[in-house]
Structure formats: structure tokens, C-alpha cells
Amino acid sequence: MTQVSRYGHMLKVNVTRMTMHVTARFRVNGSVLNDTIEGEMLGAETRLELESQDSPERVARVVRNAERGCFVMQALLRPVAVTAHTVLNGRPIAGQESS
């Protein structure tokens, strides 16, 4: 929604109201006790509700730019490397680094 406001301002499109509905589906497999737990995101659905006096074409342009400029959406569409480090009491925990 932040990107809609940002690009709406840049494109001089006035959005008077917006609401975003997000449904995300997840699954967890494996066992915590066996140290084999794996979480997985199965998908996400969004519904963006907008109100504006501007033309549908101009509002659609804002939405296209907002989706392309949304860091979270782009990270889900085109996964990026994630590097994690765990520090306990100021020292790294052996075997906890992942990428």
C-alpha cells in the first residue's frame, strides 16, 4: 500500500481510499524432535480495493508500478539469497549459519 501512495503521488493519481486483503498459505513438514522441520510458503493471494476519481487506466498504471516496486512481492516472485547468522551471548552458534 505504501508503494501505491508513492507511485500515485509520482504519477499524479489521487487514491482516496485503499484496502489490501492478503491470504497466504503455508505448510510445515518434518519433526521438531528429529530436527527435520521445514516450513514452506505455498502461495499468496492479494485483493487491492481502491477508490479514485482518476481513470481506470491511470489507476492501473499506478498499481503496475506499485507491484513492480514492492520489495516483498518481488522477493516472493523472484527469490533472493538469504544469509542467516545466530549469535548467542556474543558468540556464533556452531552449525547455525545458513544461506
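Just a few scattered comments:
- Output for the range 2-20, where each listed residue is under 16 Å from the mean Cα position of the chain (by Cα) and either in contact (Cβ under 8 Å) with a residue 24 or more places away in the chain or over 16 Å from Arg64 (Cα atoms) (or both): Gln3, Val4, Thr19, Met20
- Any hit, the range 54-69, residues being loosely packed, with under 13 Cβ neighbours inside 10 Å, closer than 22 Å to Met41 by Cβ and not aromatic (Phe, Trp, Tyr): yes
- Checked against (1) among the polar types (S, T, N, Q); (2) within 16 Å of Met1 (Cα to Cα); (3) surrounded by fewer than 10 Cβ atoms within 10 Å (Cβ to Cβ), Asn89 meets all criteria but (2).
- Test: residue in the range 71-90 that is closer than 23 Å to Thr23 by Cβ and touching a Lys or Arg at 6+ places or on another chain (Cβ under 8 Å): yes
- Any pair with Cβ under 9 angstrom, 6 or more apart, that starts in the range 21-34 at a residue that is outside any strand (DSSP E or B) and ends at one that is surrounded by 10 or more Cβ atoms within 10 Å (Cβ to Cβ): Gly30/Ile37; Ser31/Ile37
- Filter pass, Met73 being in a helix (DSSP H, G or I) and aliphatic (A, V, I, L, M): yes
Read-outs throughout are calculated quantities, based only on the coordinates presented, and are distinct from any laboratory measurement. Please read these numbers as outputs of a predicted model, since none were measured by experiment. Cβ: placed from backbone, ideal geometry, glycine included. Neighbour counts: every protein chain shown.
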